[in-house]
């Protein structure tokens, strides 16, 4: 299934989900136009997801765009590799945290951004950093950055709807007294709590673990040095546990290694990273303990 089709499927699914949510919740808010409101919200949400999901993800982590003078070490590597594989030069961002991690985002290679944390710059040597940046450019080259960025925005919206329904149901929202006595408010909350994880699961399927394996393979082929990326993954796996990066469950899939997400039950639905030992074994042909 192509990534463009997956993106269309995600946006369509989000539209139907919001229309249904509006139809269910609308009467309890005193309106008979709930479905129309849901459709309008979906149109706005889809527009924002397509054109601004990358900016939303970057702003969530305080990422700051930097130029070649501020970060020559990263710029030299990225310029060399983009020229080698025929990609436009992406924008480079730095995230002000000592937790080592990185991600790529954007709607296409011409509007791509690569973000690295201060921690990853301090942790990795030049070869290992090159491997990580090649991995992120692999996401750009494989054209899976759009679906990852859109999924982040939609997952956040779904989580918000589910939590709103849950809290409204707990505190007797959605309607007047007669409606609540009939159980309507509780039913609406229950429906949202059931359907939101299903929608989140569809997002997890769209941003499947295979994309990380593919980006690892593409990055290693670009540098010709799979062992450097394997070493980087080992370091990142160890140090990200010592200095965990707190991330939203809806954006955790963007990062090269799984960040620390919230402890609620919805968070587990967004665990889309394959195990680091498996990634290293695929890169080198040997398990990590035999490296």
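Descriptive notes on the structure:
- Cα gyration tensor shape of segment 206-245, rounded if a/c is under 1.5, else prolate or oblate by comparing a/b with b/c: oblate
- Taking the convex hull of the alpha carbon positions in segment 27-121 and averaging its projected area over all directions gives 8.3 nm².
- Stretched out straight at 0.36 nm per residue, the stretch from residue 241 to residue 84 would grow longer than its current Cα-Cα span by 53.1 nm.
- Gain on full stretching of the segment that runs from residue 278 to residue 33 - 0.36 nm per residue minus C-alpha separation: 83.2 nm
Just so you know, all these numbers are worked out from the coordinates, no wet-lab data involved. A quick note: this is a predicted structure, and the numbers were derived from the prediction, not measured.
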